[in-house]
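The values are calculated or read from the model by the stated rules, or taken from the named source; none is laboratory data. Being a predicted model, the structure only gives us computed values, none of them experimental. Positions of Cβ are generated from backbone atoms using ideal geometry, with glycine treated the same way; all protein chains shown enter the neighbour counts.
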Amino acid sequence: MPRPADAEYVARYLSQDERCEIARLHDLGWSVRAIGRRLDRAPSTISRELARNRDPKTGHYLPHHAHTQAWVRQRRPKPSKIAADPRLRAWVRYMLKQRLSPEQISGRLKVRFPDDESMRISHETIYQSLLVYPRGELTRELKVHLRSGRTTRKSRGTRTNKHSRITDAVSIHDRPEEVEDRKIPGHHEGDLIKGSLASNSAVGTIVERHSGFVTLIHLPEGWAAEKVAAAVSAEMSQLPAWFAKTLTWDRGTEMARHTDITAATGIKVYFADPYSPQQRPSNENTNGLLREYMPKGTDLSVHTREDLDAIAKQLNNRPRKRLGFHTPAEVFAKLLAEDQTKGVATTP
C-alpha cells in the first residue's frame with residue numbers, strides 16, 4: 001500500500017514529519033511531555049502514538065508504519081455515534097416518537113444533559129441515521145415521526161377566499177410597540193384551521209408570542225362568529241391578566257363578534273392585513289405543526305376537547321430553538337413562578 005501524503009491530513013492528525021520527529025526525540029531519551037511541547041501536541045497524544053505503534057519484538061517506535069496504519073484507520077468504516085451508544089439511541093428514539101425534529105432533539109439533549117458530552121449529537125447525524133444509511137441505526141418506522149417528509153419548503157401560494165368587512169376592526173399597525181419584539185408576555189396570535197368542506201369543521205388556535213404557549217379552541221358547534229367568540233372568551237378568561245393583553249387575528253368572518261371577546265375578557269383584538277399570514281408568524285408555524293395531528297381534508301369535529309388538550313400539551317412540551325431549546329410549558333411555568341414571587345413580595 002502506498003504511503004499516504006501529508007497533504008491528506010488535516011491539522012488535528014499527526015503528519016509523517018511529526019511522527020519521524022517523535023521517533024528521533026524518543027530515541028534521544030526525551031520524555032513524552034518534552035516531545036509534546038516541542039511539537040505543540042498534548043502529552044497524551046504522544047503517549048498513545050508511542051504505545052500504539054511499537055515494534056512488538058524490539059519495542060522501537062516505527063514512524064512510517066505508524067503513518068500508514070493511521071491512514072488505513074481513518075478510512076475504515078466506523079459505527080455512527082447513535083449505533084455505538086445505546087443510551088443516546090434510546091433518547092433519540094424517544095424524542096422522535098414525541099414528534100421532535102432532529103434539530104430540536106440535538107438542542108434539547110444539551111439542555112437536559114448539560115455536563116454529559118456523551119449525550120451530544122448533531123441534527124445532521126440524526127438525519128443521516130434516519131434517511132441515508134441503507135440499514136439505518138434508527139428503524140424504518142421512526143421515519144414517520146419526522147415532522148415533514150419534504151426536503152424543501154412548500155409554497156403557501158395565494159389565498160383565494162374573500163374576507164368580509166369587520167365592523168370596528170383595529171389594524172395590526174395600531175398595536176402597542178411592545179408586541180413586536182416578543183420580550184413582553186401576554187400578546188397572542190390566533191386563527192382557525194379548517195377541516196374538510198363536507199364537515200364544515202374547524203379548530204381554533206391561539207399562540208402566545210413570548211413563550212410560544214399554545215391553546216386550542218374546541219368548536220363542536222361550528223365556527224360561526226358567535227360560537228368562536230364564546231369559545232375564545234371561555235379559554236382566554238382562564239389566563240392571568242398579565243398573560244392576556246392582546247390578540248391578533250386574520251380578517252376571517254369568524255371574528256365578526258370580536259367586541260364580545262374584548263367585553264368578556266378585557267383583551268384587545270387587532271387584525272392583520274388581508275392575505276398577510278407572515279404578520280402572524282407564531283400562529284402560522286403552529287398551524288403547520290398541527291397538521292401533523294389534523295391533516296387537511298379531514299373532519300376535525302371528531303377531535304374531543306380532551307384530544308385537543310392532549311395535542312396542545314405535546315406542542316407545549318416541544319423544545320423550541322428560539323427559546324434555547326426550552327419548551328413553551330417551561331417558559332410559561334417560569335413566568336407563573338415569577339409572578340407568584342412578586343405577589344408574595346408585595347403582600348403587606
- Note on the structure: Gly107 passes all but one of the listed conditions (1) touching a helix residue (DSSP H, G or I) at 6+ places or on another chain (Cβ under 7 Å); (2) farther than 16 Å from Glu330 by Cβ; (3) small (Gly, Ala, Ser); the exception is number (2)
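Does Ala244 satisfy the condition of being under 25 Å from Met294 (Cα atoms), of a type in the set (A, V, I, L, M) and assigned by TED's automatic domain parsing to the domain that holds Ile193?
Values: under 25 Å from Met294 (Cα atoms): no; of a type in the set (A, V, I, L, M): yes; assigned by TED's automatic domain parsing to the domain that holds Ile193: yes.
Criteria not met by Ala244.
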- Note on the structure: Note: among Asp299, Asp273, just one is of a type in the set (Asp, Glu), more than 22 Å from the chain's Cα centre (by Cα), in the same structural domain as Trp223 (by TED's automatic domain parsing) and farther than 25 Å from Arg182 by Cβ, namely Asp299
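Here is a yes/no grid of residues against (1) more than 30 Å from Phe325 (Cβ to Cβ); (2) buried (at least 18 other Cβ atoms within 10 Å of the Cβ):
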| residue | (1), (2) |
| --- | --- |
| Asp27 | yes, no |
| Ser31 | yes, no |
| His60 | yes, no |
| His65 | yes, no |
| Ala84 | no, no |
| Leu88 | no, yes |
| Lys97 | no, no |
| Phe113 | no, no |
| Ser118 | no, no |
- Does Arg257 satisfy the condition of being touching a Gly at 6+ places or on another chain (Cβ under 6 Å), crowded, with 16+ Cβ neighbours inside 10 Å and in contact (Cβ under 8 Å) with a residue 24 or more places away in the chain? no
- Considering every residue within the stretch 209-232, establish whether at least one is among the polar types (S, T, N, Q) and surrounded by 15 or more Cβ atoms within 10 Å (Cβ to Cβ). yes
- Message: Just to verify a result, which residue in the stretch 70-82, among those that are of a type outside the set (D, E, K, R), loosely packed, with under 14 Cβ neighbours inside 10 Å and in a helix (DSSP H, G or I), is modelled with the highest pLDDT?
- Response: Val72
- Item | Pairs, first at positive phi and surrounded by 17 or more Cβ atoms within 10 Å (Cβ to Cβ) in the stretch 324-340, second outside any strand (DSSP E or B) and among the small types (Gly, Ala, Ser), C-beta under 7 Å, six or more apart | Phe325/Gly107
- Query: Here are Lys183, Lys227, Lys245, Lys194: which of them is at negative phi, free of Cβ contacts under 8 Å to residues at least 12 places away in the same chain and of a type in the set (Lys, Arg)?
  - Reply: Lys227
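Among the residues that make up the stretch 177-192, is at least one of them β-branched (Val, Ile, Thr), buried (at least 18 other Cβ atoms within 10 Å of the Cβ), closer than 30 Å to Gly324 by Cβ and touching a Gly at 6+ places or on another chain (Cβ under 8 Å)?
Of all residues in the stretch 177-192, those β-branched (Val, Ile, Thr) come to 179, 184.
If we keep only those that are buried (at least 18 other Cβ atoms within 10 Å of the Cβ) as well, we get 179.
Those still in the list that are closer than 30 Å to Gly324 by Cβ too: 179.
So of that shortlist, the ones also touching a Gly at 6+ places or on another chain (Cβ under 8 Å) come out as none.
Within the stretch 177-192, not a single residue is β-branched (Val, Ile, Thr), buried (at least 18 other Cβ atoms within 10 Å of the Cβ), closer than 30 Å to Gly324 by Cβ and touching a Gly at 6+ places or on another chain (Cβ under 8 Å).
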- Query: Do we have Lys342 as over 29 Å from the mean Cα position of the chain (by Cα), over 20 Å from Trp223 (Cα atoms), of a type in the set (Lys, Arg) and part of a helix (DSSP H, G or I) here?
  - Reply: yes
- Of the residues in the stretch 88-144, how many are of a type in the set (Asp, Glu), more than 18 Å from Glu292 (Cβ to Cβ) and modelled with pLDDT under 85? 2
- Message: For Asn287, only one of the following conditions fails: (1) at pLDDT 95 or above; (2) closer than 20 Å to Ile193 by Cβ. What is its number?
- Response: (1)
